[in-house]
Amino acid sequence: MATEAVGGETPTLFLRKATGLVRGWSVRDTIIYACLATNFVTLGIYEFTFAGPAFPKGQMITAVIISGIWVSFLVIAYAGLIVTIPRAGGDYVWQTRILGSGLGFVMAATGWWFILWLWAPIYGNILSVQLFEPLWATLGWTWPGGGAAWFGTNNGIFVVTLITIVLAGILVSLGMSSYARIQKWCFIGGMIGFAVVVVLLLFNSHASFVSSFNLEAHKLFGVNNAYHATNVAAAKAGYTTSGLGFGPLGASFLLVPAMMFFLLWPNWGATLYGEIRGASDFRRVFTGMFTGLWITVILTVIFLLLMAKTVGWGFYQNLNSLDYNLTPQFGIWPYPFMFAGWLVHNTAFQVILILVLSLWFFGWVGTLFLSSTRVIFAAAFDRVLPDRAAEVSEKRKVPLYSLILMLLPAVGLAAVYAYSATFRTYTLDATLVIAVTYLFSAIAVVILPWRKPELWRASPASRIKVFGVPIVPVSGVITIGLLGFCLYEWLSNSLYFVNSRDSLYFMGAMYVLAVILFIVARVVRRRQGIDLGMINKEIPVE
Amino acid sequence: MKVFFATDIHGSEVCWRKFLNAAAFYKVDMVVLGGDVTGKAMVPIVAHPGGRWQVTVRGQAYTLESEQELEEIKKQIRNAGSYPAMVSPDELQEMSKTEGAVDRRFTVEMTQSLDRWLDMADGKLRGGDIPCILNGGNDDIWEIDDIIEQSPCVSFGEGKMLDLDGFSLVSMGWTNPTPWDTFREAPEPELAAKIETVVSQIPDMERAIFNFHAPPYGTGLDEAPALDGNLRPMHGGAVMKPVGSTAVRDAILQHQPMLSVHGHIHESRAVKKMGRTLAINPGSVYGDGVLQGAVLDLNPKKGKVAKYLLVNG
């Protein structure tokens, strides 16, 4: 038998040649996944339209950096869970094993399955405002009725959401192999597109931007002296912005719960890590998610600084405030990259730039359902869901039933989202429900050393210490602080549009549905003679 | 009849102890371990004069000062699926330099460990009152076969048809080729021939159970990370590909036993209905000290699996 000695001249470990002993995987791919999940283009810039006007005294850069630091502890906590219980299913597996089957199912079903139905129309809306609207506007297309503005109508939002759902379904059906390749190229293309924007904004003056903006706005939208008109319109609406700076801290902290809309997801691939050999390598797992998160933070700061330098901070915020007040300056969402493209007076260039930057969307859209299908699989293997939920068609390798469980409700919710302007304001519900799931995973990591002492002792996470203190549970406590703060703000401050009665009913209904599903599963399985309570019961050792 | 099936415990002593207790815990009539019983790693514990030992476990170096500490670390190593190897500094140097020395020591540790395990089994399985079937897997050395054969309370299943209360269980630990070139590997046509040899002994396919270490190809029971030429997972490890056996798949589809249990691909915990056959891979997380398995309730009248539950014991 072939063996390998580890530890140099005085070996500390001998490995014999056996199945599954593989080398560590490339961290680069994990970084790309984390970076696309915390997508500063599709999610970040989209969120700024809301966050800036809602909290005008808050400082974006300060909030982004505070969020980045705080979420880094979530990354440590999740890396700890991943290396301790490296299983496909992520939060579902950890919570069911550490906190209990019922709680784990409810948290995972709401946070990784049901709430993704709401994310579908949000993704659709982002596709509308970052691809269709600017593309139609740039090309001057007037079909369908209203041209670019049609995509912001109820029908427009619904149609584009359906396109998004189909697209996400196809990408999941292609399988991870094809999608990983697509993601990689989308990431590279998206970064090139952003680099072009950086060059444009860095090497053009503010005056040059103003004149370009006025010229193109007149050409495409027939608005005269648009730059000045935007500022006047915002002032008239009573909006006053603060200059870009770093304080005050209190008001900037209020932006943190809004920043979670994009910065809370470096661990989005967590449900996939379970399938990786060598996942018990804390450093690799941590580095992938952490680097992805901080690339996003750095890109965001670069973007915000360039907006201040060339576009004008007050103007950028005024554009956002007009959209926030449902009176967007050009009748469409103010896409900053479209305005950056206006610095080059060439339609072909502007179109190409919009298309290249849309790669941030296409590399990301597959994340909509991919992780959810893994959670559905895990719940089906535990017999909580019917066996069919985990079936994969032999011919096409498509997880048909789990996709149906994702797609059909998403279509229904897309209709509600598209045709109810009020429902559309519940965007942050999508973040809140997942944050609750994360909260319970953070609790799980904190109590892990007591609940599963053997597992903890055997975990590489238990040996990551600072001044003798294991940092993984401590990071769990800090994560609970972050999520607790965000939940408190979301539920107590109406500026986040989350704590209205209907929004709470909507979210509450998801938890009720999950509880009902679990109870029904227990009853049905008991009748079948299957005790779901046995799934995670530990066999005595002695 | 109720059966508990687990697989791929790879030397984890805590999983073995749990396996032995599974019959009482799940109230089953029989326990089956589907192969890959032996561990993959050996941890040298270097003994120094004066009752001091040095060992590195999971990258952390320890100096042990008492027998109690030594026993505790040995237990940790065994529970993780590795073999503690007591050596002197000179022995360690010799082992590193002499060709084949590590292999020989590995074999000694594996066989001694298995002997100890089988002694434990005698007490737990009431001297054979509870049927226990063990099988080799592709990672298991040949030396284990005779040791299991000689055990009074454990039956060695490899290549045999065992009659279990009206059910026929056939076992095979061979797999299709892997990138690691392990012990019991054979090309698909050869594997198909081996399967036919063992399956031909079955009198009634309606009450047949296949216990084949290799999972059937392309069924979801055989998804492993795609690897590049250097055995590194591709695309961040998120890309999976089927690596099971086409011979096993074809045999199941052709013969349609009531149940087919598999292992080999630890991360591919899954259940698949293949015609009338229920195919199961309970997966393995032996490194965590958790014994994954399947509790199977077999209906002898109908010749089918009445119910099943995948458990994390």
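The values are calculated or read from the model by the stated rules, or taken from the named source; none is laboratory data. Quick caveat, the model's predicted, so the values are computed rather than measured. No Cβ is skipped: glycine too gets one built from the backbone with ideal geometry, and neighbour counts run over all protein chains shown.
Tabulated data
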item: Test: residue in the stretch B:126-136 that is within 12 Å of chain A (Cβ to nearest Cβ), more than 21 Å from A:THR10 (Cβ to Cβ) and either aliphatic (A, V, I, L, M) or crowded, with 23+ Cβ neighbours inside 10 Å (or both); result: no
item: Residues (surrounded by fewer than 24 Cβ atoms within 10 Å (Cβ to Cβ), hydroxyl-bearing (Ser, Thr, Tyr) and more than 11 Å from chain B (Cβ to nearest Cβ)) located in the stretch A:159-185; result: A:SER173
item: Candidate set: the stretch A:194-215, residues that are without any contact (Cβ under 8 Å) to a residue 40 or more places away in the chain and over 31 Å from the mean Cα position of the chain (by Cα); chosen: the one nearest to A:MET338 (Cα to Cα); result: A:ASN214
item: Qualifying residues in the stretch A:426-473 (those that are in contact (Cβ under 8 Å) with a residue 12 or more places away in the chain and surrounded by fewer than 17 Cβ atoms within 10 Å (Cβ to Cβ)) - the one farthest from A:SER492 (Cα to Cα); result: A:ARG451
item: Single match in B:LEU92, B:LEU70 (criterion: within 10 Å of chain A (Cβ to nearest Cβ), out of contact with any Lys or Arg (no Cβ under 8 Å at 6 or more places or on another chain), hydrophobic (A, V, I, L, M, F, W, C) and farther than 23 Å from B:VAL290 by Cα); result: B:LEU92
item: Residue ID - surrounded by the most Cβ atoms within 10 Å (Cβ to Cβ), chosen from residues in the stretch B:100-115 that are under 25 Å from B:LEU162 (Cα atoms) and away from chain A (no Cβ under 14 Å); result: B:LEU114
item: Some residue of the stretch A:406-424 being of a type in the set (Phe, Trp, Tyr), surrounded by fewer than 22 Cβ atoms within 10 Å (Cβ to Cβ), touching a helix residue (DSSP H, G or I) at 6+ places or on another chain (Cβ under 9 Å) and under 27 Å from A:ARG525 (Cβ atoms); result: no
item: Residue that is surrounded by the fewest Cβ atoms within 10 Å (Cβ to Cβ) [pool: residues in the stretch A:318-370 that are closer than 24 Å to A:ARG424 by Cα and of a type in the set (Ser, Thr, Tyr)]; result: A:THR327
item: Helices (runs of 4 or more DSSP H) lying entirely in the stretch A:39-132 (those with 3 or more residues that are touching a Gly at 6+ places or on another chain (Cβ under 7 Å), within 14 Å of another protein chain (Cβ to nearest Cβ) and surrounded by 24 or more Cβ atoms within 10 Å (Cβ to Cβ)); result: A:91-98
item: Exclusive hit being free of Cβ contacts under 8 Å to residues at least 24 places away in the same chain, at negative phi and assigned to a helix (DSSP H, G or I), set B:ASP163, B:ASP115, B:ASP103; result: B:ASP103
item: Failed criterion for A:LEU215 (all others in (1) buried (at least 19 other Cβ atoms within 10 Å of the Cβ); (2) part of a helix (DSSP H, G or I) hold); result: (1)
item: Residue count, the stretch B:259-275 (criterion: in contact with an Asp or Glu (Cβ under 6 Å, 6 or more places away or on another chain) and surrounded by fewer than 24 Cβ atoms within 10 Å (Cβ to Cβ)); result: 2
item: Qualifying residue in the stretch A:505-522 (condition: assigned to a helix (DSSP H, G or I), surrounded by 13 or more Cβ atoms within 10 Å (Cβ to Cβ), within 14 Å of chain B (Cβ to nearest Cβ) and over 22 Å from the mean Cα position of the chain (by Cα)); result: yes
item: Which numbered condition B:VAL261 misses (of (1) within 14 Å of chain A (Cβ to nearest Cβ); (2) under 16 Å from the mean Cα position of the chain (by Cα); (3) β-branched (Val, Ile, Thr)); result: (1)
item: Residue match in the stretch B:270-288 (condition: part of a loop (DSSP other than H, G, I, E, B), more than 12 Å from chain A (Cβ to nearest Cβ), within 30 Å of A:SER459 (Cβ to Cβ) and touching a Pro at 6+ places or on another chain (Cβ under 9 Å)); result: no
item: Subset of the stretch B:118-144 (residues that are touching a residue at least 24 places away in the same chain (Cβ under 8 Å), under 18 Å from B:ARG78 (Cα atoms) and assigned to a helix (DSSP H, G or I)); result: B:LEU118, B:MET120, B:ALA121, B:ILE144
item: Unique match (being touching a Pro at 6+ places or on another chain (Cβ under 9 Å), more than 14 Å from chain B (Cβ to nearest Cβ) and part of a helix (DSSP H, G or I)) among A:ILE354, A:ILE298; result: A:ILE354
item: B:VAL170, sole failed condition from (1) more than 14 Å from chain A (Cβ to nearest Cβ); (2) at pLDDT below 95; result: (2)
